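*Asks:* The structure follows.
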Amino acid sequence: MRRYVSAWLTTTALFCGVVTSSTSSLQAQDLDQSSSRPFIAQVSHWGRWVTLLGAGGLIAVAAVRHGEAQDALAGLEEFCEQDLSACTVVPGASGGEAYASEAAEAMYQEYAALERHARGFLLGGQASLLASGTMFLIDLLHDSGDFDNIPYTPLELYTSPRQLGLAVRF
């Protein structure tokens, strides 16, 4: 299963690299040097989608790692049901606690490592989601009105330094 996750991670990283390089060339073609939008607003217009894609990928990998950790924990529980004396907790060499059986301790260490990996991927996905939301807000606040994503909608959201409003066109 780890081999498939590793291949999936490599494919996702390659796809994100292609998307990032293609959006940067699009961004370079779309930018006008006389634009009044700040650089961060210009970058956030395309970068928000890349970070949103990254968030989805990281959260998906976290879910896969968590599933692998639960499988490892189920294996440890099954091992302990067969021989209860092997799963007694004794003082460990480093001052902590460990299982009496080396096999049970190895299973527990595998479970703990997979959970740490899942937690790290989940935190990365949340940070990427936060960055994407921030970029959406930056793009909304620095909207020049030159581009409309939905050109025929009767609803119009407008912002200015002192106003935030919603208008309905008839």
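*Asks:* With all protein chains present, calculate the accessible area of residue 134 using a 1.4 Å probe and round the result to the nearest 10 Å².
*Replies:* 70
*Asks:* In square angstrom, rounded to the nearest 10, how much accessible surface does residue 169 have for a 1.4 Å probe?
*Replies:* Number for this one is 120 Å².
*Asks:* Continuing with the same structure: Report the gain in length on full extension from residue 49 to residue 155: 0.36 nm times residue separation, minus Cα-Cα distance, nm rounded to one decimal.
*Replies:* Between residue 49 and residue 155, full extension yields an extra 35.8 nm.
*Asks:* Enter the accessible area of residue 40 (Å², nearest 10), with the probe set to 1.4 Å and all protein chains included.
*Replies:* The accessible area comes out at roughly 100 Å².
*Asks:* Just to check I understand the Karplus step: with θ = phi - 60° and J = 6.51 cos²θ - 1.76 cosθ + 1.60, what whole-Hz values come out for region 45-61, glycine and proline as x?
*Replies:* 4, 9, x, 4, 6, 5, 5, 5, 5, x, 4, x, x, 5, 5, 5, 5
*Asks:* What is the set of long-range amide H partners of residue 98 at a cut-off below 5 Å, with H atoms built 1.01 Å from backbone N?
*Replies:* 90, 92
The values are calculated or read from the model by the stated rules, or taken from the named source; none is laboratory data. Remember, it's a predicted structure, so these values are computed and weren't measured experimentally. Heads up: the accessible areas ignore ligands, DNA and RNA and are worked out on the full protein's heavy atoms, side chains in. Shrake-Rupley method; radii C 1.70, N 1.55, O 1.52, S 1.80 Å.
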